[in-house]
Amino acid sequence: MKTVLNEQNRRNFVAQVESMLHDKLSKCYQCGKCSAGCPVNFEMDYTPNQIIKMTELGMEDTVLNSKTIWLCVSCNTCSTRCPKGFEVTGIMDVLREIAERKGITSKTEKEVQMFHEVFLENVKSHGRIFELELVGKYKLKTKHLFRDMFLAPKMFEKGKLKMHGENLSGLNQIAKIFKDFE
């Protein structure tokens, strides 16, 4: 993929990311602590600090098509370790949202995106996660119905999966949050 950088496009992309992030990309001085502490960086095509720098440089195509933004598990290890308090997980969320809005999906990470969609839909419906429904819908969507099925009986036995989900009382407030975001 060829990336053509144009100063106006770079500025527009950086401005869009910074406005959604509510932070400045220049806050990151590339110490690398986020990348060193990331538990999934071995699977990523670019480290978190590289994603930040490429975003700052306006490399929109490269960043939005990277596996990294979909593999981030939002554990916040990176943000916790950042000496400048930069929200690294926040930038990954923002980049995923921009990629989704532009219809960009990584071929190898479609299942991650499917999980993301099913997860948000689950929260939207119940106000919290109903694990059994979440897993069921995810397995149906990915067509991996029998993958990991040996785990279900153990999880039921240990009380990790409930047969019935509970809705939170403030579902209309949660719906408003989703509506405001859209």
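The values are calculated or read from the model by the stated rules, or taken from the named source; none is laboratory data. Only a predicted model underlies this, so the values are computations on that prediction, with no experimental measurement involved. Quick reminder, even Gly has a Cβ in these numbers, built from the backbone with ideal geometry, and neighbours come from all protein chains shown.
Among the residues of the range 11-20, some residue qualifies, meaning at least one is surrounded by fewer than 18 Cβ atoms within 10 Å (Cβ to Cβ) and closer than 23 Å to VAL112 by Cβ. Listed conditions (1) surrounded by 16 or more Cβ atoms within 10 Å (Cβ to Cβ); (2) more than 30 Å from LEU140 (Cβ to Cβ) are all met by GLU7, apart from (1). When PHE156 is tested against (1) free of Cβ contacts under 8 Å to residues at least 40 places away in the same chain; (2) assigned to a helix (DSSP H, G or I); (3) surrounded by 14 or more Cβ atoms within 10 Å (Cβ to Cβ), exactly one condition is not met: (3). Against the definition (assigned by TED's automatic domain parsing to the domain that holds GLN16 and either assigned to a helix (DSSP H, G or I) or free of Cβ contacts under 8 Å to residues at least 40 places away in the same chain (or both)), how does VAL112 come out, yes or no? Answer is no for this residue. Give me a count of the residues in the range 123-147 that are surrounded by 11 or more Cβ atoms within 10 Å (Cβ to Cβ) and in a loop (DSSP other than H, G, I, E, B). Residues that pass the stated criteria total 5.
Only residues that are surrounded by 10 or more Cβ atoms within 10 Å (Cβ to Cβ) and either acidic (Asp, Glu) or under 16 Å from LYS137 (Cβ atoms) (or both) were counted across the range 159-182, and they come to 4. Residues in the range 72-115 that are among the hydrophobic types (A, V, I, L, M, F, W, C) and farther than 24 Å from TYR29 by Cβ were compared, and the one that is modelled with the lowest pLDDT is VAL112. Of all residues in the range 159-182, those that are in a helix (DSSP H, G or I), under 22 Å from the mean Cα position of the chain (by Cα) and not basic (Lys, Arg) total 6. Selection of the range 58-90 for residues being touching a residue at least 60 places away in the same chain (Cβ under 8 Å) and not in a helix (DSSP H, G or I) yields ASN65, PHE86, GLU87.
Exactly one residue out of ALA15, ALA99 is in contact with a Leu (Cβ under 6 Å, 6 or more places away or on another chain), free of Cβ contacts under 8 Å to residues at least 40 places away in the same chain and part of a helix (DSSP H, G or I), and it is ALA99.
With respect to (1) touching a residue at least 24 places away in the same chain (Cβ under 8 Å); (2) surrounded by fewer than 20 Cβ atoms within 10 Å (Cβ to Cβ); (3) among the aromatic types (Phe, Trp, Tyr), the lone exception for PHE119 is condition (1).
Of a type in the set (Asp, Glu), in a loop (DSSP other than H, G, I, E, B) and more than 14 Å from the chain's Cα centre (by Cα): does that describe ASP45? In short, yes. The set of residues from the range 130-172 being over 22 Å from GLU109 (Cα atoms) and among the aliphatic types (A, V, I, L, M) comprises LEU132, LEU151, ALA152, MET155, LEU161, MET163, LEU168, LEU171.
One residue alone among SER26, SER74, SER125, SER35 is in the same structural domain as GLN173 (by TED's automatic domain parsing) and small (Gly, Ala, Ser), and that residue is SER125.
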